[in-house]
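Readers should treat all values here as calculations from the given coordinates under stated rules, not as data from a laboratory. Note that this is a predicted model, so its numbers are computed, not measured. Quick reminder, even Gly has a Cβ in these numbers, built from the backbone with ideal geometry, and neighbours come from all protein chains shown.
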């Protein structure tokens, strides 16, 4: 009988008795390779290179990626360094006017290097968030500390407080300061990015 006359095609699993192996994820693929850990048959699409041979997808996946996972001490240390560096960079560059952009770029590179060393040379998106988040949070904290009196005046009397005799109010002044603080933080992040590649 042929397949057209109603006989079902042979199941690859039934042929396993003759010594042939079939991938556990792709039963239609014959293979000669087994996982080095669990000994399941795997095809070349499922095989991952392990330390001493091939592994299946389940056994070959690392439990904890050493290049992108942090211990709590590394995470706290990295956050402290990036936040402290952001504080220091924003406080120093606020005193230099236009040249603050050059100072901020250089400081960003130093912050990235220090944070990378403290965290054990980690990489990945978590490291990016740690460095950039610390820099921006530090810059925001310095902006708040340096303009505390003006912010409280703005909250108490509004944006037009202090306006008169052709001078803009406190709201306009704070907006200008916030703009330059944001530019400084962005340049610091760009400097950090240049060192984290």
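Looking at the chain as a GNM with Cα springs under 10 Å, which of 105, 70, 96 has the largest mean-square fluctuation?
Comparing 105, 70, 96 in a Gaussian network model of the chain, the most mobile one is 96.
Once all Cα-Cα distances of region 18-79 are split into 10 Å bins that start at 0, what whole-number percent is in each one?
Distribution as computed: 22, 36, 18, 14, 8, 2, 0 percent.
May I ask for the angle, rounded to the nearest 10°, between helix 72-93 and the longest principal axis of the chain, with both axes built from Cα atoms and the value confined to 0 to 90°?
30
Arrange 32, 180 by Cβ neighbour counts within 10 Å, fewest through most, would you?
By the 10 Å Cβ count, ascending: 32, 180.
Select one label from (1) 68, 35, 32; (2) 104, 41, 27; (3) 47, 36, 30: the one whose number is Cα extents along the principal axes in Å as derived from the coordinates shown.
(2)
Mind checking the full-extension length gain between residue 39 and residue 57? Use 0.36 nm per residue of separation minus the Cα-Cα distance, one decimal, nm. Don't skip to the answer; put the middle values down first.
On the way: separation 18, 0.36 × 18 = 6.48 nm, distance 1.23 nm.
Full-extension gain reported as 5.2 nm.
Sequence gap at least 6, Cα distance under 8 Å: using those rules, report the relative contact order of region 11-60 to the nearest whole percent. Walk me through the intermediate numbers first.
Values: 81 pairs, mean separation 13.0, N = 50.
Relative contact order comes out at 26 percent.
For a footprinting-style exposure proxy, rank 56, 38 by other Cβ within 10 Å, fewest first. Don't skip to the answer; put the middle values down first.
Values: 56 25, 38 12.
If I rank by nearby Cβ atoms, fewest first, I get 38, 56.
When 64, 95 are ordered from fewest to most other Cβ atoms inside 10 Å of their Cβ, what list results? Each step should come with its number before you reach the end.
On the way: 64 6, 95 9.
In order of increasing Cβ crowding within 10 Å: 64, 95.
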